[in-house]
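Everything on this sheet refers to the single structure shown next.
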């Protein structure tokens, strides 16, 4: 039986591409949302809605990994804490960010002026303990649903500007600090890698089966062909 090395080479190339694609997906910054400091004229529910809007919108963005509330509460309990401590300095925020295993941490103050809530937002780079992004947002507050909707708009603006900063583009609201994570490959590159891996894997399997079939016809005495083990499923 003549040995054809092409299917084996293609299969090995397929296996090499799989971890590369997984690594590029894992290079997104991890972000945590710290409870905002708020004045007495802001209700706890309003603060909670603002933070929930940020968590929901960032969770929809595939270029960020969001620390969920359940995980944050679990980490607090492990440290013997029942609530988040009130922080005012970046050192304190950065320490909590390290506790939550985050690269970035949002914090800030929430105040009310008539029917409008003002969010003084800051995004802190945990590694450097420096402000990465600062901006004030106005949030209409005639109803709790309106608070959520306008907070979602603010959250999307923050996400867009953080991605601009990550790509090296500066805007007036951005500081000169750099996000302490590697640059992520474009989604197109990841898609092509995944598609190429699938095509290579499928082509290798088809070629291998076809080559075995042709070789079997040339043999006068049929002998059992032992197939290769199935390729490991993609995560």
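The values are calculated or read from the model by the stated rules, or taken from the named source; none is laboratory data. Computed from a prediction, not measured in an experiment: that's the story for all the values here. When we count neighbours, we look across all protein chains shown, and the Cβ atoms used for this are built from the backbone with ideal geometry, even at glycine.
Of all residues in the stretch 109-150 being in a loop (DSSP other than H, G, I, E, B) and touching a strand residue (DSSP E or B) at 6+ places or on another chain (Cβ under 8 Å), which is surrounded by the most Cβ atoms within 10 Å (Cβ to Cβ)?
By that ranking, first place goes to 126.
Mind checking which residues of the stretch 53-90 are closer than 15 Å to residue 159 by Cβ and assigned to a helix (DSSP H, G or I)?
Within the stretch 53-90, 53, 54, 55, 56, 57, 58, 59, 60 meet the criteria.
If you go through the stretch 71-80 one residue at a time, do you hit one that is more than 28 Å from residue 167 (Cα to Cα), surrounded by fewer than 17 Cβ atoms within 10 Å (Cβ to Cβ) and in contact with a helix residue (DSSP H, G or I) (Cβ under 6 Å, 6 or more places away or on another chain)?
Among the residues of the stretch 71-80, at least one is more than 28 Å from residue 167 (Cα to Cα), surrounded by fewer than 17 Cβ atoms within 10 Å (Cβ to Cβ) and in contact with a helix residue (DSSP H, G or I) (Cβ under 6 Å, 6 or more places away or on another chain), which makes the answer yes.
Condition first: in contact (Cβ under 8 Å) with a residue 24 or more places away in the chain and over 15 Å from the mean Cα position of the chain (by Cα). Now tell me which residues in the stretch 52-71 satisfy that.
Correct list: 52, 53, 71.
Of all the residues that make up the stretch 1-43, how many are assigned to a helix (DSSP H, G or I) and either on the phi > 0 side of the Ramachandran plot or modelled with pLDDT of 95 or more (or both)?
Of the residues in the stretch 1-43, 0 are assigned to a helix (DSSP H, G or I) and either on the phi > 0 side of the Ramachandran plot or modelled with pLDDT of 95 or more (or both).
Among the residues of the stretch 107-119, is any under 17 Å from the mean Cα position of the chain (by Cα), closer than 25 Å to residue 160 by Cβ and in contact (Cβ under 8 Å) with a residue 40 or more places away in the chain?
no
Can you tell me which residues in the stretch 115-157 are more than 17 Å from residue 44 (Cα to Cα) and out of contact with any helix residue (DSSP H, G or I) (no Cβ under 9 Å at 6 or more places or on another chain)?
134, 136, 157, listed by residue number.
Assess whether residue 154 counts as being in contact (Cβ under 8 Å) with a residue 60 or more places away in the chain, crowded, with 19+ Cβ neighbours inside 10 Å and assigned to a loop (DSSP other than H, G, I, E, B).
No; evaluated as a whole, the condition is false for this residue.
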